[in-house]
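**Q** My questions will all concern the structure given below.
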Amino acid sequence: MPDSKDERLLPTSVDDEEGIKGFINRLKETAQTSRWEFERPWYENILMYLGKHWYNYDRKIGVFRPKLLKPWVPQPVTNRLASTADSIISTVGKIDPQVDFRPATNEEEDITTAEVCGRVLEVIKEEVDFEQVRYELVPWVVLTGNGFLYQYYSKSREYGMVKIPNLKCGLCERESKPQEVQAAGGMCPECQLAPETPEQGLTPGETYEEYPRGRLIAEVVSPFEIHADMEAGRFELSPYVLRIRSWNIQHAKNLWPEFAAEMKADSKNDITQKYLEKIAHTGAGSESSLTGYGGATSQEPRITIYELNIRPTEELPEGLYAVMAGDLLVEKGPIPYHDSEGNPIIPITHFKYKQVPGRLWGKTPVDDLVPKQKQRNELESFIMLIINRMAAPGWFLPSNSGAANMSGEPGWIQEINTAATGGAMPVQQQGMDVPVSVTNWLEKIDQDFEELAKTFNIIKGQAPRGVSAYSALQLLDERGQAGFADIFLNFQFGWKRWATYALDIFREYADDERIRAFTDEVGSWAIEKFRGSDLTGKVNVSVETGVLAPRSQVARRAVIEQALNLGIMNPQDPQVSYQILRMFGIPELAPGDVDIDIKEAAWENDTLLQTGTIRPPKNYDNHLVHAGSHRKFLLSAKFKELQGRAAQGDQKAANAVMQMEEHYSATLMFIQMS
């Protein structure tokens, strides 16, 4: 493998086309000989997950082929590996990253940015469809031990266009595009004269230009596509990142039309791309052995895309970003993304299941489940052979009895020549049961699955038989959670890096407004607008250790039960009981309709802010719910602002404050009387 510290192997500049192509080709050649030990288990894990179990790996040509067995050998598949992997995916998929932002200094700009970052991140999550992204990422991490999230800003026209007016010069009256004015140093590109009065300056003109609105994209990338320095230990320390993928050639021609005439389809000789193609086309019943074990391959012409990022060096101070389609260099330039201090960043986040010391790639428990699944399949096949050959009763027939084709069907009649047999009759031999040692072995394998993957009953949401005490359930939950400590910690680091990259890109590229609609602390709808320019300060990003670890439903219910027994929670409070029922998934069992009561109380709070008045409490109100909602409102920033205006002599605000306090007191009186 090329020495990552040898600068002579790197391109000399962003314009060094031959150097860029040569570097990509060297990395590609290295990958052909050094990655198969990782890619083969990744592909095998996915095959096993899909139910493709009876195969052999041909080391000579590096492909999987169906096993050549006798026709009478059963090939059963009870896919415990898939069900176990699904339990892990479900547990890991519940990880909800809670990211905190703290100002880097005590400067007002940093403090303001830290306060707004959390809300901007919610806007980003909605824009990138965060729940869908997480749903796609987790299976890759669980099945291969590795997954990547590539955060970038797309300026595709499919995300809409915005109209930006051109700037009109007050001296020569020429209208120029904003980028032309910027290139001219903020002056009119035509006359290049500094205005002496505001009227002579640049003002919005009557013409405008349309520009792509752009959108933040979070793309899940498989480990098959990512190439980095495997001796770096950590992905963030690799001096380069190369992504290799296969596209429909027509898509590439549409994206880079100036190179369309020169583009040619690839010969598909890269084993990594073949693995990805096989995964895409493998179905439940396909048994193809063409260059691998999987379904049919795509017949459409395709081209390989190489996307290269090189971190800054002395010769590449802004780093390098380049794209090669086939053998054509279609894009080249400095890295387009930067952090808050202007340093180039490669916004690709590596998520691992388990860290292996000194190794770039992570490890997954599915690696250990594969041999167990094969062992289980072979044992089941052995059991079926016992049943098929030995379990059915057999007959011993005397010679010359004349008996033949003894079917054993109910009501069956067979004539026998007893004179020829000396009176001897056929004897039925009972079949043999499957040995107990074999069934015990099968149970032991199933227990090994749970032990290797740490998917005990409570992780699956099932309380073990005979266990109901809170302390016992808590201990079992902690035992199960301990088995997932590695992935919880690695996801913590991963989401922290992703949030940092996402905010940096939003700061740099989000010129157009993003709108966030939310329910405030008093239940009223509110609207916030954000731009990238709102993030001018510096912040530190963190995720609290242990916050990400999700609890199973059984464990959550045990915690609630303990809290109720200790008197920490009041089940007589309608809002508390409503939240408990929501957690259990049965909010419809709440007395009355608490959700309507909560919305009604929030409407009263909002009406007071809008009109300065509030209706008196009614007999039919749920006064406990109203009192809780109104108390939150009385302690909110909005009510304190209202009190401040009242203190400054605003009569309308003073009346509103008085009405709210009287309304709250009247509500408490209703509660006391009931």
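The values are calculated or read from the model by the stated rules, or taken from the named source; none is laboratory data. Remember, it's a predicted structure, so these values are computed and weren't measured experimentally. Note that each Cβ is placed from the backbone with ideal geometry, even for glycine, and that neighbours are counted across all protein chains shown. The protein model used for the area step is the full one, side chains on, heavy atoms only, and it has no ligands, DNA or RNA in it. Shrake-Rupley method; radii C 1.70, N 1.55, O 1.52, S 1.80 Å.
**Q** Please find, within the range 38-62, the residue that is farthest from Gly147 (Cα to Cα) out of those that are of a type in the set (A, V, I, L, M) and open to solvent by 10 Å² or more (accessible area, probe 1.4 Å).
**A** At the first step, the residues of the range 38-62 found to be of a type in the set (A, V, I, L, M) are 46-48, 50, 61.
Within this subset, residues satisfying the condition of being open to solvent by 10 Å² or more (accessible area, probe 1.4 Å) are 46, 50, 61.
Details: Ile46: 14, Leu50: 19, Ile61: 27 Å.
Checked the range 38-62; the qualifying residue farthest from Gly147 (Cα to Cα) is Ile61.
**Q** Looking at Phe633, Phe670, can you tell me which residue is in a helix (DSSP H, G or I), under 21 Å from Ala602 (Cβ atoms), in contact with a helix residue (DSSP H, G or I) (Cβ under 6 Å, 6 or more places away or on another chain) and open to solvent by 30 Å² or more (accessible area, probe 1.4 Å)?
**A** One residue alone meets the criteria, Phe670.
**Q** Output yes when any residue across the range 356-377 is hydroxyl-bearing (Ser, Thr, Tyr), under 28 Å from Ser87 (Cα atoms) and at pLDDT 70 or above, and no when none is.
**A** Within the range 356-377, one or more residues are hydroxyl-bearing (Ser, Thr, Tyr), under 28 Å from Ser87 (Cα atoms) and at pLDDT 70 or above.
**Q** Of the numbered conditions (1) in contact with a strand residue (DSSP E or B) (Cβ under 9 Å, 6 or more places away or on another chain); (2) at pLDDT 90 or above, Thr78 satisfies every one except a single condition; which is it?
**A** Going through (1) in contact with a strand residue (DSSP E or B) (Cβ under 9 Å, 6 or more places away or on another chain); (2) at pLDDT 90 or above one by one, Thr78 breaks only (1).
**Q** What tally of residues in the range 141-181 results from selecting those that are acidic (Asp, Glu) and in a helix (DSSP H, G or I)?
**A** Total meeting the criteria: 2.
**Q** Write out, first by first residue and then by second, each pair whose Cβ atoms fall under 7 Å of each other, whose residues are 6+ apart or on separate chains, and whose first residue, in the range 227-248, is more than 19 Å from Tyr321 (Cβ to Cβ) while the second is open to solvent by 40 Å² or more (accessible area, probe 1.4 Å) and assigned to a strand (DSSP E or B).
**A** Ser246/Arg302; Asn248/Arg302
**Q** Might you check whether a residue that is buried (at least 20 other Cβ atoms within 10 Å of the Cβ) and closer than 21 Å to Arg243 by Cβ occurs anywhere in the range 108-116?
**A** No, the range 108-116 has no match at all.
**Q** Within the range 159-182, which residues are within 17 Å of Asp511 (Cβ to Cβ) and open to solvent by less than 50 Å² (accessible area, probe 1.4 Å)?
**A** Within the range 159-182, Gly160, Val162, Asn166, Leu167, Pro178, Val181 qualify.
**Q** For Gly649, all conditions in the list (1) at positive phi; (2) assigned to a helix (DSSP H, G or I) hold save one; what is the number of the exception?
**A** The single condition Gly649 does not satisfy is (2).
**Q** Need the failing condition index for Tyr135 against (1) of a type in the set (Phe, Trp, Tyr); (2) in a strand (DSSP E or B); (3) touching a Gly at 6+ places or on another chain (Cβ under 8 Å), just the number.
**A** (2)
**Q** Can we say Thr91 is hydroxyl-bearing (Ser, Thr, Tyr) and loosely packed, with under 14 Cβ neighbours inside 10 Å?
**A** Answer is no for this residue.
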